[in-house]
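What follows is a short report on a single structure.
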Amino acid sequence: MKCLRCGKELSGTGAFCEACSVTVAEPLTPSPYLNTKISIPKRKPAAKAKKPEGKKSSGRDLSRPRVAVCLVAILLCAFLLLQLYYSYERYTKAEAEVARLRSVEDECVHLTDLLRQAEGRIVALEEALAREAAP
Ligand SMILES: [Zn+2]
């Protein structure tokens, strides 16, 4: 199998060679110059001509890596969807927590106002008492 990006022959399983898998792992930043079209090199007819009696087996050998690549892609999509779902869930929870904290903050401000009013009344009462006690 060949690397989907550079076309280099792959030794192990996977869609990309070692050099390309590092590059491919990082998502590209959106750009008007970015070309997302994937070009897959055409199969050479010479490979079929070599084994005329074993056509079916060679067809299976070629389809197996494709199935593996599809499975990997499906798993990757499922994983990314799960990540998206969990991050959305975390976001909504954080939003609810922010709303709760805001209401607590509003209550604190209200209570602080009440406390200031009560302090003002206490000072006024103390002054009145001092005036009554003095002859
Ligand atoms: Zn490559």
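Derivation of every value follows stated rules applied to the coordinates shown; laboratory data play no part. Please read all numbers here as calculations on a predicted model, not as lab measurements. Here the Cβ positions follow ideal geometry from the backbone for every residue, glycine too, while neighbour counts run over all protein chains shown.
Before moving on, here are some points about what is shown:
- Under a Gaussian network description of the chain, with springs only between Cα atoms under 10 Å, the residue in Arg100, Arg43, Arg116 that fluctuates furthest is Arg116.
- Among Thr29, Thr13, the order by Cβ neighbours within 10 angstrom, fewest to most, reads Thr29, Thr13.
- GNM result for the chain, Cα springs below 10 Å: residue of Ala15, Ala78, Ala99 fluctuating most strongly: Ala99
- Kirkwood Rh in Å, taken over the chain so that all alpha-carbon pairs contribute: 22.6 Å
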